[in-house]
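Everything on this sheet refers to the single structure shown next.
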Amino acid sequence: MTNLNTTKYTKIRYDWARDEILEILNLPLIDLMWESQIVHRKFNHYKVQLASLFSVKTGGCEENCSYCSQSIYSTSQIKSHPQFQVEEVLEKAQTAKNEGADRFCMGWAWREIRDGKPFNAMLTMVRGVRDLGMEACVTAGMLTEEQASRLAEAGLTAYNHNLDTSPEYYKNIITTRTYQDRLDTIKRVRNAGINVCCGGIIGLGETNDDRASLLEVLSNMNPHPESVPINSLVAIEGTGLEDNQEIDSIEMIRMIATARILMPKSKIRLSAGRESLSKEAQILCLQCGANSIFYGDELLTTSNPSFQSDRKLLKEVGVIFNKDFESHEKTFSSL
Ligand code: SAM
Ligand code: DTB
Ligand code: SF4
């Protein structure tokens, strides 16, 4: 049994070995939850960041990620949409800010960013979001060194580029790009001075070993990614993984708690799949180290809990969730 108020996981390390990670992932749940809470309390004080997500360009992506409804290889019935105009995107960002979000994440269903008009519009969107006083995050596939530095100049806070799963299991999920392609883009983002947002998905059919292997890659990055989204698969009709079984919520809690122990200061984001988690399971995730959520009624092509229900949940839990929130609260209660 663990000591009452100490943990052996007190140091920030970049040399985690697979065996050590598996050992943590497989701890008796009650011990894993305890250890992760001590780490979380020590480094993060139970503050939760609210990040809103908006799909700027939906569908028609040339990659074959087998979980994704936006791939041209899926037959999912989604509302495809060419790139939204700058003004429309900034209106969405303003609404997200009014609702209490402090980070605005914008997604483009692209294999890679192309230079020219759409990229210039992306830069204007980034500047506009930053001018609203929000953090700006972009996810738009692979990018070159020059594009990374132009995004950095525009003030981009973070670039999201997930590794999704282990290097070993990757080819079962995506074959139109390699793990190394992903790592190369992440390196360019880091070198440009942009924060790295990099995580994965559970429920793809991977083993516990694969989960440990993904966490090994992430926790051996130095510095650690500033944010680590942990998604659970939303099995979307028309995708290759439409028949995958929903994962048990305990698996999500284990993954979040382990990520927290391995990367004590990173924002561990409880991402896709929250609609299938009970209120109690979400509370355990927050207790064990999740300190960010996607906030707002929609993810990219699927739904997310409403911001009202999330606000209620976070208040009930008693975490701090937005520095400016109380003033927005007044605006809302008078609506
Ligand atoms: N095209 C860009 C890319 O792949 O980097 C940006 C958008 S992509 C949809 C962002 C991330 O969402 C993916 O890397 C994946 O981890 C996650 N994701 C996509 N579809 C999902 C699903 N059905 N369930 C859970 N996570 C999903
Ligand atoms: C991330 O890791 N999860 C978000 C965000 N980064 C871009 C996306 C989740 C997508 C869920 C499925 C959908 O809505 O299409
Ligand atoms: Fe394209 Fe991203 Fe979807 Fe893969 S996850 S198909 S890269 S939009």
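Since every read-out is calculated from the coordinates, none of them should be taken as a lab result. Quick caveat, the model's predicted, so the values are computed rather than measured. Note that each Cβ is placed from the backbone with ideal geometry, even for glycine, and that neighbours are counted across all protein chains shown.
Considering only T175, M125, C65, and ranking their Cα positions along the charge dipole of the stretch 35-333 that arises from unit charges at the beta-carbon of Lys, Arg, Asp and Glu, the one farthest toward the positive end is M125. Rounded to the nearest 500, the helix-only mean residue ellipticity at 222 nm of the chain stands at -12000 deg cm²/dmol, with each DSSP H run of n ≥ 4 adding -39,500 (n - 2.57). Absence of a disulfide-compatible partner, taken as no other cysteine beta carbon within less than 4.7 angstrom, is noted in the chain for C61, C197, C198, C285, C288.
With the Kirkwood sum run over all distinct C-alpha pairs, the stretch 35-333 has a hydrodynamic radius of 19.2 Å.
Considering only Cα atoms, the convex hull volume of the stretch 99-209 works out to 117 Å³ per residue. When Rg and the Kirkwood Rh are both derived from Cα coordinates, the Rg/Rh ratio for the stretch 202-335 amounts to 0.99.
Among N160, N195, N44, the largest mean-square fluctuation in a Gaussian network model of the chain, built with springs joining Cα atoms closer than 10 Å, belongs to N44. Packing order of peptides 245-253, 312-320, 133-141, highest average first: 133-141, 245-253, 312-320 (average count of other Cβ atoms within 10 Å over each peptide's residues). The chymotrypsin sites (Phe, Trp or Tyr not before Pro) found in the stretch 1-85 that occupy coil by DSSP, while having at most 13 further C-beta atoms within 10 Å, are Y14.
Couplings 3J(HN,Hα) of the stretch 155-168, computed from phi: x, 4, 7, 8, 10, 8, 8, 7, 8, 6, 8, 6, x, 5 Hz, in residue order, whole Hz [Karplus 6.51 cos²θ - 1.76 cosθ + 1.60, θ = phi - 60°; x for Gly and Pro].
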